[in-house]
Amino acid sequence: MQGREDAQRGYLDVEALAGELLAPGSVFAFLAKHRGRLFPDSMMEDLFPSGRGRPSVPAPVIGSVLVLQALQGLSDRETAEALTFDLRWKAACGYGLADTAFHPSTLTYWRRRLAGSANPHRIMEAIAEVVAETGVLKGKRRRAVDSTVLDDAVARQDTITQLIAGIRRFGRDVPGGRELVAAHACGYDYSRTGKPDIAWDDQDAKDGLVSALVTDALALLAAVDPGILEGKAADAYALLALVAGQDVEPAEDSDGTDGRWRIARRVAPDRMISTVDPDTRHAHKTQSRQQDGFKAHIVIEPDTGLITAAELTKASGPENSDGAVGARLIGMDPTIAGTSVDVLADSAYGSGEMLAALALTDHVPVIKPWPLRSAVEGGFTIDDFTVDEAAGTATCPKITAKRRVTFGAACTGCPLRDRCTASPRGRKLELHEHDALQREHRQRAADPAFQNTYRTHRPMVERSIAWLTRGNRRVPHRGITRNNAWLHLRIAGLNLRRLLNLGLRVNEGSWALG
């Protein structure tokens, strides 16, 4: 049932005894005085509809604990210890000097309840309501977009480890799975622990093990009708199908029907890297920097540094690209609904799709354009060719239905050929679907006023990213859903701390700044 905080302070209430020791303007001091206003009991009532059972942790307490945990990057056990032994935590959460914290598993329980509710990000929204009431974003007509890679909480697995783990999970989660493994998966002893006992520097032995594992996996997949599977069983089947196909290919001179397989000589573009957390991916934020994990995307107001929208996604895949997610976040940012803003971002957001999405609104892209490349060093780029969309031509040759332009014989004898192409068959162009938008945007980006706005206001997003990742770049959970919830909690804490730095206070019963 819904737990409620007792308005009467205990004899050893820490805030009453030593509240003056809390740093003025700190998150601890603020929660000690205002947690009940920020996280009232009513905000959690829908989580306990029956009204029966043992009283839960009161909403002002659990809201404060979850914000402080995400802000300080503590595990559940470390959080319970802080609430038991740290006087700042006790004061912030209304605990008495001799009070002990709840069991760490209580935090797992609350996260699960919130995740399954109609409003899983209500704590961040509570902070957003404070932002709205202060009016700090009123009249602010700029938003900056950026992303950062967060390391995952699991170890990367090689292909062989993934195949063995996938078959073991099939045996655990699919109905009758153990019997199916015993009957159809005879190429390896899946009950043994540790790495397979083979000569790892012997390629033939390695290929033989891969062949046995893939053959077992395919036999198990063929023995079950996936259409009748649900829940964990369906997930286990899909996982095994994925690991049996993403990293392997038929051996040389084989079509796979003879049971000979090898590890593929390429990397799947959206490769799953761990069966422990199937959502984590290889991330390529830059060519020189590669990580495994997730991407955190944020939208900020650059004058205040407040984060107004956020999402955690897989680190790869076109639907998770900076441009795709950036356009989606700008569209769902509640602080700019019905208004026009300048959208500031680096060249990762300069895709035609992002520009097209902004063109459908009144938002103005102040985005660093994608760099243009020439076929010949120092030669012509695509902007040196005149594209006439109405006539369907690009400096004479016709644009095909697939938006390709082939110059061919027109390059023969051309005095500018050396600056254009090294191909004996002449220059070819591939025009983006939104080529006209990109050309127009590159022309606007050359305006000094555009460049001054970009240089002046975009850097704040880098500072917000630094606040987000300070202390630890590793997510604490597995999977997108749980880590996305954690991201929103951390942002709630960061925004609250930022508001306090801007002078958050209560003025005649309302939130105000200054």
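The values are calculated or read from the model by the stated rules, or taken from the named source; none is laboratory data. Note that this is a predicted model, so its numbers are computed, not measured. No Cβ is skipped: glycine too gets one built from the backbone with ideal geometry, and neighbour counts run over all protein chains shown. Side chains are part of the model used for accessible areas, which takes the heavy atoms of the whole protein and leaves out ligands, DNA and RNA. Shrake-Rupley method; radii C 1.70, N 1.55, O 1.52, S 1.80 Å.
Tabulated data for the structure shown
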| quantity | calculated |
| --- | --- |
| Failed condition for residue 325, given (1) in contact (Cβ under 8 Å) with a residue 60 or more places away in the chain; (2) closer than 27 Å to residue 155 by Cβ; (3) in a strand (DSSP E or B) | (3) |
| Residue within the stretch 304-322 that is closer than 19 Å to residue 131 by Cα, more than 13 Å from the chain's Cα centre (by Cα), outside any strand (DSSP E or B) and polar (S, T, N, Q) present | yes |
| Some residue of the stretch 325-345 being open to solvent by less than 10 Å² (accessible area, probe 1.4 Å) and out of contact with any strand residue (DSSP E or B) (no Cβ under 7 Å at 6 or more places or on another chain) | no |
| Matching entry among 134, 159 (being within 20 Å of residue 219 (Cα to Cα) and touching a residue at least 12 places away in the same chain (Cβ under 8 Å)) | 159 |
| Complete set of residues in the stretch 201-235 that are over 35 Å from the mean Cα position of the chain (by Cα) and open to solvent by 90 Å² or more (accessible area, probe 1.4 Å) | 201, 203, 204 |
| Those helices (runs of 4 or more DSSP H) lying entirely in the stretch 2-92 with at least 1 residues of a type in the set (Phe, Trp, Tyr) and more than 17 Å from residue 106 (Cα to Cα) | 27-38, 76-85 |
| Residues of the stretch 107-134 classified as exposed (fewer than 13 other Cβ atoms within 10 Å of the Cβ) and not in a helix (DSSP H, G or I), total | 3 |
| Total residues in the stretch 375-402, condition in a loop (DSSP other than H, G, I, E, B), surrounded by 15 or more Cβ atoms within 10 Å (Cβ to Cβ) and in contact (Cβ under 8 Å) with a residue 24 or more places away in the chain | 5 |
| Residue that is farther than 30 Å from residue 327 by Cα and either within 20 Å of the chain's Cα centre (by Cα) or among the basic types (Lys, Arg) (or both), where the choices are 162, 69 | 69 |
| Residue tally, condition small (Gly, Ala, Ser), open to solvent by 60 Å² or more (accessible area, probe 1.4 Å) and free of Cβ contacts under 8 Å to residues at least 24 places away in the same chain, over the stretch 454-510 | 0 |
| Helices (runs of 4 or more DSSP H) lying entirely in the stretch 168-250 (those with 1 or more residues that are under 26 Å from residue 281 (Cβ atoms) and aromatic (Phe, Trp, Tyr)) | 231-246 |
| Filter result for residue 22 (open to solvent by 30 Å² or more (accessible area, probe 1.4 Å), touching a residue at least 24 places away in the same chain (Cβ under 8 Å), out of contact with any Ser or Thr (no Cβ under 8 Å at 6 or more places or on another chain) and of a type in the set (A, V, I, L, M, F, W, C)) | no |
| Members of the stretch 346-374 found to be within 30 Å of residue 419 (Cβ to Cβ), modelled with pLDDT of 90 or more and crowded, with 17+ Cβ neighbours inside 10 Å, listed by number | 346, 348, 350, 351, 352, 355, 367, 368, 369 |
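For (1) over 28 Å from residue 317 (Cα atoms); (2) of a type in the set (S, T, N, Q); (3) open to solvent by less than 50 Å² (accessible area, probe 1.4 Å), each residue gets a yes or a no:
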| position | (1), (2), (3) |
| --- | --- |
| 169 | no, no, no |
| 174 | yes, no, yes |
| 178 | yes, no, no |
| 181 | yes, no, yes |
| 266 | no, no, no |
| 280 | no, yes, yes |
